[in-house]
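A quick write-up on the structure given underneath.
The values are calculated or read from the model by the stated rules, or taken from the named source; none is laboratory data. What you see is a predicted model; the values in this text were computed from it and never measured. Neighbour counts are summed over all protein chains in view; Cβ atoms, including those assigned to glycine, are modelled from backbone coordinates with ideal geometry. Calculation scope for accessible area: heavy atoms of the full protein, side chains included, ligands and nucleic acids excluded. Shrake-Rupley method; radii C 1.70, N 1.55, O 1.52, S 1.80 Å.
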Amino acid sequence: MKLEVKNITKRFGTLVANDNISLTLQPGEILSLLGENGAGKSTLMNVLYGLLQPDEGQILIDDKVQKFSGPGEAMAAGIGMVHQHFMLIPVFTVAENVVLGHEPTGKVGNLDLNAARKLVKKISDRFGFDIDPDAKIQDLPVGAQQRVEIIKSLARDAKILVLDEPTAVLTPQETDELMEIMRGLSKNGTSIIFITHKLREVQQVADRIIVIRQGKVVSEASPKASAGELASLMVGREVDLNTSKKAAKVGVETLVVKDLTVLDDRNQQMVNGISFSVHDGEVLAIAGVQGNGQTELAEAILGLRKIHSGSIQVAGQDLTKSNVRQVLEAGVGYIPEDRKKDGLVGDFTIAENLMLDGSFGKPFAKGVQIDFAKRDEIAEKLIKEFDIRTPSATTLAKQLSGGNQQKVVVAREMSRDLKVLIASQPTRGVDVGSIEFIHEQIVAARDAGKTVVIISTELDEVLSLADRIAVMYRGRFVGIVDAKTTREKLGKMMAGIAA
Amino acid sequence: MTNIEVTPGMFSSAETKPSLKTPITLVAAALVVLIFFGFLGKTGDISFVWSDKREAIQLPPFIVNSMFFCTLVGAALLLIGLLSIALTIRGGKTPVWLIAIYGLGAMMALLGWLATEATQGVQMIFILGNTLVLAIPLIFGGMAGIMSERVGVVNIAIEGQLLTGAFVSAILGTITGNLYIGMIAAMIASGLLSMVLASLAIKYLVEQIIIGVLLNVLVIGVTNFLYSAWVDDDSINLNFPGTFEKLPIPLLSEIPVLGQVLFNNRITVYLMFVLVPLLWYVLFRTKLGLRARAVGEHPLAADTVGINVGRTRFWWVTIGGMVAGLGGASLTLGNVGSFGREMSAGLGFIALAVVILGRWQPIYVTLGALLFGFTIILKVWANQVSPGIPVDFITMVPYLVTLVAVAGFAGRVKPPAASGQPYVKG
């Protein structure tokens, strides 16, 4: 099936998310849509899938103009989509999820789950997916859930499969498996649109690459292009993919964690007797696939989450039973993994967000009152220092782009007198320019002799920042290795296999 | 630099500790029965009366010494409780049927202890029959609650829907002289009320709890006003519908005990017998139900496979409202025989609690509603058989036991994930 997208424009208010975009997709082709977060890739795909209506332009399948008023019609036309956030119902079984919306029924209108199981089995066997039709989604690992999403599309005879950032949640091994699956599908005649911002994957699997920047198609590239070329196309200028840093000048042990065990909200042991120490002037990166206890570890150090057993010390001071304020006053800075949820108050101004952690005393408070003049002065200074692109200090935080929001969080945390910086996913959903800037700031903090802990699921980030790497799997450290460890070895460790 | 030796599979996945709340409650309640009703109990005899005087087949009453009976039952309950502790420690679950047997035993001990030496004995048919009739509005209310919460709409307005149903069925039943017309009108009226809730919540995204509360206040106000301004002056012609005839089902109604309790009833009870299994079947065995549950769990996922979230929610909430209207009619036409001011008296809110207690499952919700029906009749009956007893305290007991026992279940089943959340496209 041949797909043509012609002159699609989609606006949200004054923002032009898609500006006159055209592309074609040949049968059996893997087309990669490369672009930064916020470049308009997902908007385009939501238009293609009928979730959004375009303001202008047409979609053609086999030269026939299509009009999708909802996903149902797009599916009927042969388009399947695997969303970045899976569209699966956790309490349903695989079979129920696969047939939802086009259920096989028995004689009295009852649900024919046997037929559904057979369908799942058939597709699963054909592509070697190894999926149990009766397993509940919530019990499956993320990689398997993604395969269920693919089965879901194939079960509806999708000829065009859209994969939206499919590798964001996968281990390197699972990513390789997915690439295999994609090649297998394309051999069988399924066309694939593969949306990503990861250059390595594009080079591995794509037949053709289309680069989107600020809502526009900027160019077409060949998968043989170098990572550097692709990155500059994506960002629109030369980018330095490697953060250069001097050798670490390691000082005294500042953060010491001993036998730490932490439970999550459902009383499951998420951190399982972890011990480690980090020195001044060094970056320890904690790598691992999302959901292996990293979040709970960071929250426990900050005092946000109760510690079940074990101890935490910062510069000799015991913080095991301390509350958040005491931890902050002990000199710990924290960049949370979800800036919108934990890092910022969206409806507060930038100036207000920059003083969120400093409302207790100097320099922001004068007695019981906020010193507004001082607040605005500090805000202006930090906006300049941290290159926060904003019309003014009184702009609401939620109106900023992801990268600038993150810079507000980074500015607030790093402008205090820190001993230890803990940064969870410091560049998730952030544009390349801001990634460079934030990485430089982190390295500068290290060089200034601070103790830095980075928690990241992105191997690239881990490798470019770390002096030592700890790999976390199911609440434990599989090992702590040096920064020269190979990608392959780290990938294995992320799957729980020791080096 | 440390390297920890690790082999695949060395890490066990995170574990949850099984809760001992339920088993411990069972043991504690068993000890209360054993000690206070048994060892320190009353010395007289209990007479369990199984037959109504009108019945063809008469069963002889079962007469037993109170202390002996309660000690025996208490010991059996203790055994079940200990068994449950053992099962839980081994990582298993206490089967629901065992808890049901336990509940039945505890109920018999409580009834027996209350009626020791009472001349009329324990009138099983009276107690069970009334439990059922009193539970009917709660069951219909609970089904309405399930139908809307399963698709992700919190329906606080069940109280108002019951009251609407009660009012409309009584008035229209009287005016037309046909109770069936009254019943159908009640369903339509409550259905319309639900449409208001559904469209405000789904289309205009008004906070669901607020609409619910407003609708309740509105219905109470309107019915009170109409009642005092219009109905009360002319009760004979407006508010005197009487109740449906009892329709004994041939053969089945002649089964001893159960026949009288279950199969000699009014149409409202039989409708419940049909509706509860039907709702279970639709929810869990048809594609309509699968889609409805999908909408309540993850509306965006449902939308991406072409299910119309708004429309699904609208119709489930509306039809749920019609069921609640039927519950209102069963209050008047199925039991009392006329409308009274604010006669729903909080039943709609209890129905909401029962929905949670019954974990959004039609069968369990029905059982929960029956428990509440039982406590209502227990209060009336306990006063008759042993005057002077602190009735309010006695009626508290079943609630207390249930509350604590359910706290043990709480972790097992979660409410529909999207309950109460409006769905906005794009």
For region A:54-86 versus region B:52-73, the gap between their alpha-carbon centres in whole angstrom = 71 Å
ask   = Under a point-charge model restricted to the Cβ atoms of Lys and Arg (+1) and Asp and Glu (-1), what is the dipole moment magnitude of the protein assembly as shown relative to its Cα centre, in debye to the nearest 20?
value = 720 debye
ask   = Taking the Cα centre of chain B as the origin, how large is its charge dipole in debye, to the nearest 20, when only Lys and Arg (+1) and Asp and Glu (-1) carry charge on their Cβ atoms?
value = 1080 debye
task = For n ≥ 4 DSSP H runs only, could you compute -39500 (n - 2.57) per run for the protein assembly as shown, divide by its residues and tell me the 222 nm figure to the nearest 500?
result = -14500 deg cm²/dmol
Ratio Rg/Rh, restricted to the protein assembly as shown and using Cα atoms, in which Rh is the Kirkwood radius = 1.03
ask   = From the square roots a ≥ b ≥ c of the eigenvalues of the alpha-carbon gyration tensor of region B:128-366, which class results: rounded (a/c under 1.5), prolate (a/b over b/c), or oblate?
value = oblate
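Whole number please: convex hull volume per residue of the Cα set in chain A, in Å³? Please list the in-between numbers first.
Working: hull volume 82.8 nm³, N = 499.
Cα convex hull per residue, to the nearest whole number: 166 Å³.
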Accessible area (Å², 1.4 Å probe, nearest 10) - residue A:183 = 80 Å²
Exposure of residue B:128 as accessible area (Å², to 10), given a probe of 1.4 Å and all protein chains = 50 Å²
key: Where labels lie 7 Å past Cα in the beta-carbon direction, separation of residue B:308 and residue A:76 in nm   = 1.2 nm
Accessible area buried between chains B and A, both sides summed, probe 1.4 Å, in Å² to nearest 100 = 3200 Å²
remark   = When chain B is treated as a Gaussian network with springs between alpha carbons less than 10 Å apart, the largest mean-square fluctuation among B:261, B:222, B:269 is found at B:222
request  = Among B:96, B:309, B:29, pick out the residue whose Cα is farthest towards the positive end of the charge dipole of chain B, where Lys and Arg carry +1 and Asp and Glu carry -1 on C-beta, about the Cα centre.
outcome  = B:309
request  = Have a look at region B:302-338 and report residues whose accessible surface goes down by 30 Å² or more when the remaining protein chains are included, against the chain on its own, probe 1.4 Å, ligands and DNA/RNA excluded.
outcome  = B:304, B:305
ask   = Two-decimal Rg/Rh of region B:193-333 from alpha-carbon positions, Kirkwood Rh?
value = 1.09
inquiry  = Students sometimes get this wrong: rank B:280, B:381, B:113, B:50 by accessible area, probe 1.4 Å, all chains present, largest first.
reply    = B:280, B:50, B:113, B:381
request  = Work out Dmax and Rg for region A:93-227 from the C-alpha atoms and quote the Rg first, both in angstrom.
outcome  = 17.0, 60
request  = Return an integer: the convex hull volume of the alpha-carbon atoms of region A:282-390, in Å³ per residue.
outcome  = 159 Å³
ask   = Any idea what log10 I(q)/I(0) is at q = 0.10, 0.20, 0.23 Å⁻¹ for region A:155-247, Debye with uniform C-alpha scatterers and no solvent?
value = -0.32, -1.07, -1.28
request  = First check a/c for region A:253-294, with a ≥ b ≥ c the square roots of the eigenvalues of its C-alpha gyration tensor; if it is under 1.5, answer rounded, and if not, answer prolate when a/b is larger than b/c or oblate otherwise.
outcome  = oblate
ask   = Do any residues of region A:69-91 lose at least 50 Å² of accessible area when the full set of protein chains is present rather than just their chain alone, and if so which, with a 1.4 Å probe?
value = A:87, A:89
inquiry  = As I understand it, the dipole of chain A uses +1 on the Cβ of Lys and Arg and -1 on the Cβ of Asp and Glu, about the Cα centre. Which of A:464, A:79, A:425 lies farthest toward its positive end?
reply    = A:79
query = So, with a 1.4 angstrom probe, what is the percent of accessible area on the protein assembly as shown that is carbon and sulfur?
reply = 59 percent
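Given the Cα-Cα distance of residue B:247 and residue B:421 and 0.36 nm per residue of separation, how much length would full extension add, in nm?
Values: separation 174, 0.36 × 174 = 62.64 nm, distance 4.35 nm.
Separation in residues times 0.36 nm, less the Cα-Cα distance, equals 58.3 nm.
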Accessible-area order (highest first, 1.4 angstrom probe) of the listed residues A:55, A:467, A:125 = A:125, A:55, A:467
query = Rounded, prolate or oblate: which fits region B:318-365 when a ≥ b ≥ c are the square roots of the eigenvalues of the alpha-carbon gyration tensor, with rounded for a/c under 1.5 and prolate only if a/b beats b/c?
reply = prolate
message = With unit charges on the beta carbons (Lys and Arg positive, Asp and Glu negative) and the dipole taken about the Cα centre of the protein assembly as shown, which residue among A:346, A:48, A:115 sits farthest to the positive side?
response = A:115
remark   = Per residue, the convex hull enclosing the Cα atoms of region B:201-253 spans a volume in Å³ of 176 Å³
task = Provide a whole-number value for the mean count of partner chain Cβ atoms within 10 Å of the Cβ atoms in peptide A:46-57.
result = 1
note = In Å², rounded to a whole number, the accessible area per residue of chain A with probe 1.4 Å is 43 Å²
query = Which of these, B:25, B:286, B:304, has the largest mean-square fluctuation under a Gaussian network model of chain B (Cα springs below 10 Å)?
reply = B:304
inquiry  = Using only the heavy atoms of the protein chains and a 1.4 Å probe, how would A:325, B:291 rank by accessible area, largest first?
reply    = A:325, B:291
ask   = How big is the charge dipole of chain A about its Cα centre, in debye rounded to the nearest 20, if each Lys and Arg gets +1 on its Cβ and each Asp and Glu gets -1 on its Cβ?
value = 200 debye
message = Return the Rg/Rh ratio of region B:268-349 with Cα-based radii and a Kirkwood Rh.
response = 1.10
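Just to verify a number: FRET efficiency for residue B:206 and residue B:380, C-beta to C-beta distance, R0 = 41 Å, to 0.05?
Details: r = 41 Å, r/R0 = 0.99.
Computed FRET efficiency for residue B:206 and residue B:380: 0.50.
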query = Three principal axis extents, largest first, for the C-alpha atoms of region A:312-371, in Å?
reply = 36, 32, 15
ask   = When ligands, DNA and RNA are left out and all protein chains stay put, how many square angstrom of accessible area per residue does chain B have with a 1.4 Å probe?
value = 45 Å²
message = Could you identify which residue out of B:121, B:327, B:306 has the top mean-square fluctuation in a GNM of chain B using Cα springs shorter than 10 Å?
response = B:306
ask   = Which Rg and Dmax, in Å, describe the Cα atoms of region A:213-269?
value = 22.1, 52
task = Starting from one equal scatterer on each C-alpha and no solvent at all, send me the Debye-based log10 I(q)/I(0) for chain B at q = 0.10, 0.11 Å⁻¹, two decimals.
result = -0.79, -0.93
